[in-house]
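One structure is given here, and the rest of the page talks about it.
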Amino acid sequence: MLDGFEHAAGAHCGSTSLTDVATYRRWGLSEPMCFGIGAGLGFSFIESEDGPTKQFVGRTPWLETAFHEHLGVTVEQGSGQSFEAAWDDVTAHLDAGRPVLLFVDIFYLPYYDSDVHFSPHVVVAVDYNEGSVTLADSEHDDLQRLSRPNLRQAMGSEHGFFGELTNDWLVAMDDPTRSVTDAARDGLRTTARAMLEPDSLTWAGDATNGLDGLRAFARSLPDWPDLPDAEWCTRFAYQNVEKRGTGGSAFRGLFAPFVAEVAPELEAVDDAVVTEARGIDDDWGAVAQHLKRAGLADDAEESQRAYDAASEALLAVGDREEELYERLLDRL
């Protein structure tokens with residue numbers, strides 16, 4: 001076990017894992033700050049042959065790597081290795097006293113008892129023996145023990161929002177060389193670019209990204225009653241707004257407190273920006289309620305009205321987000 005490692009459940013798997021590492025290394029960063037520095041806020045609309053056939057994710061694929069990059073922290077990472085090679089590297093870092101981020105599929109974590117593939121889910125490896133690994137997981141206050149065979153499956157899943165998993169891991173090798181203020185500025189700038197100009201950055205997987213993706217998702221909603229898996233798509237969409245480790249409001253519930261926390265340090269983030277970020281957070285909550293009503297309605301006409309309302313509300317949210325990101329990009 002890593003000496004002095006502390007863990008508590010958090011809002012999102014990636015930002016909770018980063019907070020665990022930051023706390024262990026005494027960097028003094030809150031979870032919203034970790035999320036914001038890593039430019040975690042995003043949007044990807046995914047149409048898939050696998051269920052649900054229409055889905056989205058409200059965070060970016062680069063949260064964990066951008067967090068370290070913006071802070072000037074050197075990392076070592078693995079991707080595309082055999083499981084045995086990844087295991088050897090991960091355990092070597094643990095032996096050296098370094099917590100390791102692992103990217104896994106919840107479906108293969110028995111302590112979730114999930115019948116749904118959901119990845120990448122980020123956990124922190126903190127201890128091991130020859131047959132298992134001990135993990136810090138954002139959904140649990142207590143550390144979790146996972147067998148080595150289950151870890152092999154979880155790290156090699158073919159299912160994921162950003163493509164299949166390939167035994168991916170990441171570890172911080174040193175401490176920040178840049179200030180939190182500079183890192184937060186870079187995080188905000190990258191967030192704004194990602195949402196406004198998604199093609200200017202490298203995403204992962206096959207999706208429509210940024211505000212383009214948000215609006216494509218919104219415009220598709222009135223046609224969802226005709227989907228063969230409409231109930232599943234709707235339930236999953238609602239969960240990806242308010243549950244499933246998003247921090248609420250499709251991760252806007254993490255972004256708004258990050259903006260408020262960094263406001264005293266960045267001139268570009270004034271009271272109006274903070275108020276707008278909080279308002280967008282609230283608006284996403286309203287979108288979630290429309291989706292919930294669409295999924296629960298017994299009457300087809302009532303359900304259609306709820307889908308239409310969700311579409312209209314989400315398009316309005318998109319316009320509001322666009323104005324915020326343009327303002328930030330112009331000031332930063």
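Of all residues in region 117-153, those being closer than 14 Å to D88 by Cα and part of a helix (DSSP H, G or I) number 3.
Checking each residue in region 128-143 for being buried (at least 17 other Cβ atoms within 10 Å of the Cβ) and either more than 27 Å from G58 (Cα to Cα) or of a type outside the set (D, E) (or both) picks out Y128, V133, T134, L135, A136, S138.
For region 270-283, indicate whether the set of residues that are outside any helix (DSSP H, G or I) and modelled with pLDDT of 95 or more is non-empty. Yes, there is a match, as at least one residue in region 270-283 is outside any helix (DSSP H, G or I) and modelled with pLDDT of 95 or more.
For every residue, the table says whether it meets (1) under 15 Å from L41 (Cα atoms); (2) among the charged types (D, E, K, R); (3) within 19 Å of the chain's Cα centre (by Cα).
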{"site": "N209", "(1), (2), (3)": "yes, no, yes"}
{"site": "D212", "(1), (2), (3)": "yes, yes, yes"}
{"site": "E242", "(1), (2), (3)": "yes, yes, yes"}
{"site": "G245", "(1), (2), (3)": "yes, no, yes"}
{"site": "I280", "(1), (2), (3)": "yes, no, yes"}
{"site": "W284", "(1), (2), (3)": "yes, no, yes"}
{"site": "A294", "(1), (2), (3)": "no, no, no"}
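Which members of region 250-269 meet the condition of being in a loop (DSSP other than H, G, I, E, B), closer than 26 Å to Y307 by Cα and either of a type in the set (A, V, I, L, M) or modelled with pLDDT under 95 (or both)? Correct list: A250 only.
Do we find a residue being assigned to a helix (DSSP H, G or I), outside the structural domain of T202 (by TED's automatic domain parsing), acidic (D, E) and surrounded by fewer than 21 Cβ atoms within 10 Å (Cβ to Cβ) anywhere in region 90-104? There is at least one residue in region 90-104 that is assigned to a helix (DSSP H, G or I), outside the structural domain of T202 (by TED's automatic domain parsing), acidic (D, E) and surrounded by fewer than 21 Cβ atoms within 10 Å (Cβ to Cβ).
Considering only residues of region 46-84 that are among the hydrophobic types (A, V, I, L, M, F, W, C) and more than 14 Å from the chain's Cα centre (by Cα), which is surrounded by the most Cβ atoms within 10 Å (Cβ to Cβ)?
Checked region 46-84; the qualifying residue surrounded by the most Cβ atoms within 10 Å (Cβ to Cβ) is L71.
The values are calculated or read from the model by the stated rules, or taken from the named source; none is laboratory data. Everything numeric here is computed off the predicted structure, so don't read it as measured data. Virtual Cβ from ideal backbone geometry, glycine too; neighbours counted across all protein chains shown.
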